[in-house]
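Each remark here refers to the structure printed beneath this line.
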Amino acid sequence: MCYEADAVPPVPASSAVVLSSGRVTLPSADGTEVAAFHAVPGGPSGVGVLVLPDNRGLSGFYEQLSLRLAEHGHPAVAIDYFSRTSRLEDREPEFPFMDHLGKLTRDVLYDDFTAGVTWLRSRGCAAVVSLGFCLGGRFAFTTALERFGLAGVVGLYGYPDELFGAAGPTQLASGFTAPVLGMFGGGDEGIPPAVVDAFGHALESAGVPHDFVTYPGAPHGFFEMGNEEFAGASADAWRRILAFLDERS
């Protein structure tokens, strides 16, 4: 798990104009209407952001994060993974997300990621970057594959190695074509340094530009308003995210 229902991004709101925002549905390849949240800035940068949530799916955290991105000029769309098995409007606080995660397939996820990318490009984004957290960080790394045509990917505490028998970003790195920014917590016991190092070696072998940052002592999910002890790590991570996006404008 990553963020609880009341979690808030550690990024203050600004007075910048957000032209439109709210929940939308995106058509996926199999005809499913995928639930999502969009935020469109008044003065777009030309770089859109595909926001990939943690294993709980779309929540207020990612809706607020999309707004913060739009305030910096980046159109953003955050997608929900569970549109085929659960209505977003019907989610209860004790939503059994693990049951729904087990019903996901790689092909369906890739189709839904593509739906988000297509939506951003239809809004004038010349470049698209993915940004994910926890499970979404793992997914974001995977969207560096050539099929998505992204300008870059950013993952925070995404597990990169094989998981439950499924190949992860480390195993898929030879097919990556987008630069990778990865941020990890030094105190995250679920992602040991050896796993991060192996991912880095795989990217290096594949000739994929990448930059990894590990924040000493920071736990999994450190990028959150309530985690005051690691506010400095959150501020640095946000600075790096914005710089990565600006480099692609």
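Kindly establish whether T214 is hydroxyl-bearing (S, T, Y) and open to solvent by 40 Å² or more (accessible area, probe 1.4 Å).
Spelling it out, T214 is indeed hydroxyl-bearing (S, T, Y) and open to solvent by 40 Å² or more (accessible area, probe 1.4 Å).
Of the conditions (1) modelled with pLDDT under 95; (2) closer than 26 Å to A35 by Cα; (3) open to solvent by 50 Å² or more (accessible area, probe 1.4 Å), G165 satisfies every one except a single condition; which number is it?
So G165 meets the others, but not (2).
I need the full set of residues from the range 5-32 which are outside any strand (DSSP E or B) and under 14 Å from W119 (Cα atoms), in order please.
Correct list: S28, A29.
Of the residues in the range 219-249, how many are out of contact with any His (no Cβ under 8 Å at 6 or more places or on another chain) and closer than 26 Å to L150 by Cβ?
Number satisfying all stated conditions: 20.
Does E204 qualify as being under 20 Å from T142 (Cβ atoms), out of contact with any His (no Cβ under 6 Å at 6 or more places or on another chain), modelled with pLDDT of 95 or more and open to solvent by 50 Å² or more (accessible area, probe 1.4 Å)?
Considered against the rule, which asks whether it is under 20 Å from T142 (Cβ atoms), out of contact with any His (no Cβ under 6 Å at 6 or more places or on another chain), modelled with pLDDT of 95 or more and open to solvent by 50 Å² or more (accessible area, probe 1.4 Å), E204 comes out as yes.
Given the conditions (1) in a loop (DSSP other than H, G, I, E, B); (2) touching a Lys or Arg at 6+ places or on another chain (Cβ under 8 Å); (3) not basic (K, R), which single one is not true for A35?
Only one criterion is unmet by A35, namely (1).
Taking the condition loosely packed, with under 13 Cβ neighbours inside 10 Å and not hydroxyl-bearing (S, T, Y), does E229 pass?
Spelling it out, E229 is indeed loosely packed, with under 13 Cβ neighbours inside 10 Å and not hydroxyl-bearing (S, T, Y).
Output the number of residues of the range 176-196 satisfying the condition of being of a type outside the set (A, V, I, L, M, F, W, C), over 15 Å from F139 (Cβ atoms) and either surrounded by 13 or more Cβ atoms within 10 Å (Cβ to Cβ) or in contact (Cβ under 8 Å) with a residue 60 or more places away in the chain (or both).
6
Within the range 1-36, restricting attention to residues that are closer than 14 Å to I79 by Cβ and of a type in the set (A, V, I, L, M), which residue is most open to solvent (accessible area, probe 1.4 Å)?
Taking the candidates together, the pick is A29.
The values are calculated or read from the model by the stated rules, or taken from the named source; none is laboratory data. Quick caveat: nothing in here was measured; it's all calculated off a predicted structure. Cβ coordinates were reconstructed from backbone atoms using ideal geometry, including for glycine residues, and neighbour counts include every protein chain displayed. Quick note on the areas: whole protein, heavy atoms, side chains included, nothing else; ligands and nucleic acids left out. Shrake-Rupley method; radii C 1.70, N 1.55, O 1.52, S 1.80 Å.
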